[in-house]
Amino acid sequence: MSATPRVRAPELRGRGWLNTDGPLTLRELRGRIVLLDFWTFCCINCLHVLDELREVEEEFADELVIIGVHSPKFVHEADPVALAAAVERYAVAHPVLDDPELITWQNYTARAWPTLVLIDPEGYVVAHYAGEGHAHAISAMVRELVATHRSKGTLQPGDSPYVPPEPERTDLRFPAKAIALPDGHTLVADAGHHQVVELDGEDVVRRLDGFREPNGLCLLPDDVAAEVGYDVVVADTVNHRLAGITLSTGEVRTLAGDGTQWMQGESTRRLSSPWDVAWWQGRVWVAMAGIHQLWTFDPRTGAVAVAAGTTNEGLLDGPLERAWFAQTSGLAVDGERLWLADSETSSLRFVEAGEVHTVVGHGLFDFGFKDGGRDDARLQHPLGVAVLPDGTIGVCDTYNGALRRFDPVTGLVSTIASGLGEPSGLLVRGDTAYVVESAAHRITDVPLDTNEASSDFESRTQRPVTDVATTLQLRTPFAPPPGQKVDDRFGPSSQLVVTATPTALIRGGDGRGTDLDRTLELDPVVGEGVLHVAARAASCDVQGGEGAACRMHQQDWGIPIRITPGGDAELVLPLGGVDEN
């Protein structure tokens, strides 16, 4: 499919720039291929794409310029200082446009994090991609563009406009979680240094290497550790694996995962961004943030299993196998309950007797900084949780920079302390909480007998609402990348799942199917809500045969909609391929 007529790429507009000497314009970049990566630093799928694009960026260093367009979901992400820290934390090695008001986001009709837009050397949009898994498709498309525009004389390779920031040197760099060791030392997942660090007080005892952005740590019971030969399980997030540490020797071994990210249809041999780990009910429970599930790992047998979640992202309670999670990032055990911080829904939840329950949180786009009961309390992207000595639950309310408390008896949320630097982990010793301040690169002690007032605000993600008609044609077009084809010899190669919040918003057309087009009948009485759309499609090498590669392309959307008489009768959410506009 070719674009008819061709669409000129809108100019880049925002508050400012990072990782470059000055503002960039598409006019200045004429003659280069440009890839815009619309991202936000809370989003695990966006972080996956950053990693996917590193090889593309290296392969086409002379011809391709990648520009990150940071379009925030949460209020905290609109803070320029927080954005600069995130750019360093995740080793973003290309220019970044700060777009807090979503100006460029709207000009390119982005509807999901992440969205990728490819622009040719003449300044025309040639392809849109939503979600992750598109690096192969983008490489193939860029290769074609290089050949075409080199022959036309419109390709003008040049140096990268990227200017790396000067790194600050600290003992810890973006630490994530911490646990207490039997000898009184502290073990820290030092994500920014890609290490696990052992501390005696504030002194570094040793550093263990071989990790990529480790986050969660779990100390095994003594008898289990003696049997399996290692003491600590590490959620080695970017390596997509669980690692084991033998404390006596410092040996690090792989327990689960092969270093490659799990994609739809694969077995539990591969993992997807494990973020935290906890020992509960005779197994290690894993917050598999990359696919919105809880998994388990049995150290004695090495068995890995899915324990909860469907891979759909959202807030849905109920039986483990049907519950929805949203980038679970913190776990804590309290007897028969497993508490969890679900970051993307800004929620505190627990698992008990095979069911998931939510005590704080309302959905993917609702957040704030507010004390109170179930209906009123608000968090903002919490990453850590711990059981406090009095039986209440401590929550690292990361994007509010606060340590919060939930009382399971009264159902009330209060604030212990604020002004912290993105607290991400919580270690309790006696009556003192040791908070891992990730953005401040330190561990800070906070007395648990203090109380502060919350900022008393609540908000929703500021995304444009789409006006739609009662009968809505939903399309998620997908075109295989150059050199690949849709291969359905062994069954359907695509899947589309459509639900809504509230569920009554859809009168017909919801559910699961294999067609990427769907007609939805919406209820005008309900009036408005959020469409949850999850699409995936597979493509395989055209030549087939031994050694042929297949790729999975997938994305989840949460689209705020409002039913109006003059609303759009069609909603197009491109999964990937040549631009149709």
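Derivation of every value follows stated rules applied to the coordinates shown; laboratory data play no part. Keep in mind it's a predicted model, so treat the numbers as computed, not measured. All Cβ positions, glycine included, derive from the backbone under ideal geometry; neighbour counts span all protein chains shown.
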Give the distance, in whole Å, between the Cα centre of the stretch 234-280 and the Cα centre of the stretch 323-371.
-> 22 Å
With the stretch 357-412 reduced to its Cα atoms and the Debye formula applied, log10 I(q)/I(0) at q = 0.15, 0.29 1/Å amounts to -0.38, -1.37
Any chance you could list the semi-axes, whole Å, largest first, of the equivalent ellipsoid that the Cα gyration tensor gives for the stretch 225-340, using √(5λ)?
-> 23, 17, 11
Gyration tensor verdict on the stretch 185-243 (Cα atoms; rounded if a/c is under 1.5, prolate if a/b is larger than b/c, oblate otherwise) = oblate
Sort Leu12, Leu271 so the one with the fewest other Cβ atoms within 10 Å of its own Cβ comes first.
-> Leu12, Leu271
Classify the chain as rounded, prolate or oblate from the Cα gyration tensor: take a ≥ b ≥ c as the square roots of its eigenvalues, call it rounded if a/c is under 1.5, otherwise prolate when a/b beats b/c and oblate if not.
-> prolate
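Starting with the fewest neighbours, write out Ile33, Ile563 ranked by other beta-carbon atoms found within 10 Å of each beta-carbon.
Numbers: Ile33 23, Ile563 19.
So the ranking, lowest neighbour count to highest, is Ile563, Ile33.
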Cα centre as origin, Lys/Arg/Asp/Glu Cβ charges: the chain dipole, Debye = 1360 debye
Rounded to 5, percent antiparallel among DSSP beta bridges of the chain = 90 percent
Kirkwood Rh for the stretch 54-112 from C-alpha pairs, in Å, is 12.7 Å
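Can you compute the helix-only [θ] at 222 nm over the chain? Use -39500 (n - 2.57) per DSSP H run of at least 4 residues, normalise by all residues, nearest 500 deg cm²/dmol. Mind showing how you got there, number by number?
On the way: 5 runs with 56 residues, N = 581.
It comes out at -3000 deg cm²/dmol, rounded to the nearest 500.
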Helix 44-59 vs. the chain, principal-axis angle (Cα, 0 to 90°, nearest 10) | 60 degrees
Applying a 4.7 angstrom Cβ cut-off across the chain, unpaired cysteine residues come out as Cys42, Cys218, Cys396
Karplus (6.51, -1.76, 1.60) ³J(HN,Hα), θ = phi - 60°, over the stretch 569-576, in Hz, Gly and Pro reported as x = 8, 9, 10, 10, 10, x, 7, x
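Stretch Thr471-Asp515 to full length: gain in nm at 0.36 nm per residue minus the Cα-Cα span? Mind dumping the intermediate values first?
Values: separation 44, 0.36 × 44 = 15.84 nm, distance 1.76 nm.
Extra length available between Thr471 and Asp515 comes to 14.1 nm.
Treat the count of other C-beta atoms within 10 Å as a stand-in for reagent exposure and order Met552, Met288, Met141, Met263 from fewest to most. Before the final figure, lay out the partial values.
Details: Met552 15, Met288 28, Met141 23, Met263 19.
Ranked by crowding around the Cβ, least crowded first: Met552, Met263, Met141, Met288.
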Taking θ as phi - 60°, what are the ³J(HN,Hα) couplings along the stretch 130-135 by the Karplus curve (6.51, -1.76, 1.60), each to the nearest whole Hz, with x for Gly and Pro?
-> 10, x, 10, x, 9, 4
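Using Cα pairs under 8 angstrom and six or more residues apart, how large is the relative contact order of the chain, in percent? Present the calculation step by step, with values, prior to reporting the outcome.
Details: 1551 pairs, mean separation 62.6, N = 581.
Across the chain, relative contact order equals 11 percent.
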Where does each of 464-474, 231-241, 147-157 land if you order them by average Cβ count within 10 Å, highest first?
-> 231-241, 464-474, 147-157
Using the Cα gyration tensor of the stretch 10-151, with a ≥ b ≥ c the square roots of its eigenvalues, what is the shape: rounded (a/c below 1.5), prolate (a/b larger than b/c) or oblate (neither)?
-> prolate
